[in-house]
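Structure first, commentary second.
Rule-based calculations on the coordinates, nothing more; no lab input. Since the structure is predicted, the reported quantities are computational estimates derived from the model, not experimental observations. For neighbour counting, all protein chains shown are included, and Cβ atoms are generated from backbone atoms with ideal geometry for every residue, glycine included.
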């Protein structure tokens, strides 16, 4: 699947949510990495941190600043609509240890489901790098971020 332009509610469309879960299911421990240095289990843990911290699974510090909350968030969500390969990762989301693939994959499915089932902006905690975001912005970021990493691993 190529990068697609998304609108602010794409993640909450049942077909798009089903598609994200389907793409997650296709990822295997031996999925081929197309770029970057993370292993597949590290990538899953990275997504768990990024999404899970916003729905109460992890307590990450707020390292956002004027540039990340404003300019970079605007660019990612509304202009670029994707993460460029080799984009700088927030220190709080960098993963260097190895993790159990099956555990991380199961947890990501759980986190994605919890995110999908949110109903209000108050269901979301601030993102470690982008700060406080609306439910719609969080959904859009999930679509963009998952798409980026699922493509990274041949999916």
The chain: percent of C-alpha pairs farther apart than 27 Å?
-> 14
Considering the zone a paramagnetic label at residue 136 would reach in this model (a point 7 Å from Cα along the Cα-to-Cβ line), which residues of segment 52-82 have amide N under 13 Å from it?
-> 78
Let me have the 222 nm mean residue ellipticity of the chain computed from DSSP H runs of 4+ only, each contributing -39500 (n - 2.57), with the sum over all residues rounded to the nearest 500.
-> -12500 deg cm²/dmol
Return P(r) of segment 59-135 (all Cα-Cα pairs; 5 Å bins starting at 0; whole %; ordered from short to long distances).
-> 3, 12, 16, 22, 25, 16, 6, 0
Which distance in nm do the two modelled labels at residue 117 and residue 28 give, with both placed 7 Å along the Cα-to-Cβ direction?
-> 3.0
For segment 111-155, count the residues as N, evaluate 2.2 N^0.38 Å, and divide the Cα radius of gyration by that value, please.
-> 1.22
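By per-residue mean of other Cβ atoms within 10 Å, what is the highest-first order of 94-104, 141-151? Intermediate results must be reported in sequence, preceding the final value.
Numbers: 94-104: 13.6, 141-151: 20.8.
Averaged packing, sorted descending, gives the order 141-151, 94-104.
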Point-to-point label distance, residue 35-residue 15, nm (Cα→Cβ direction, 7 Å offset) | 2.9
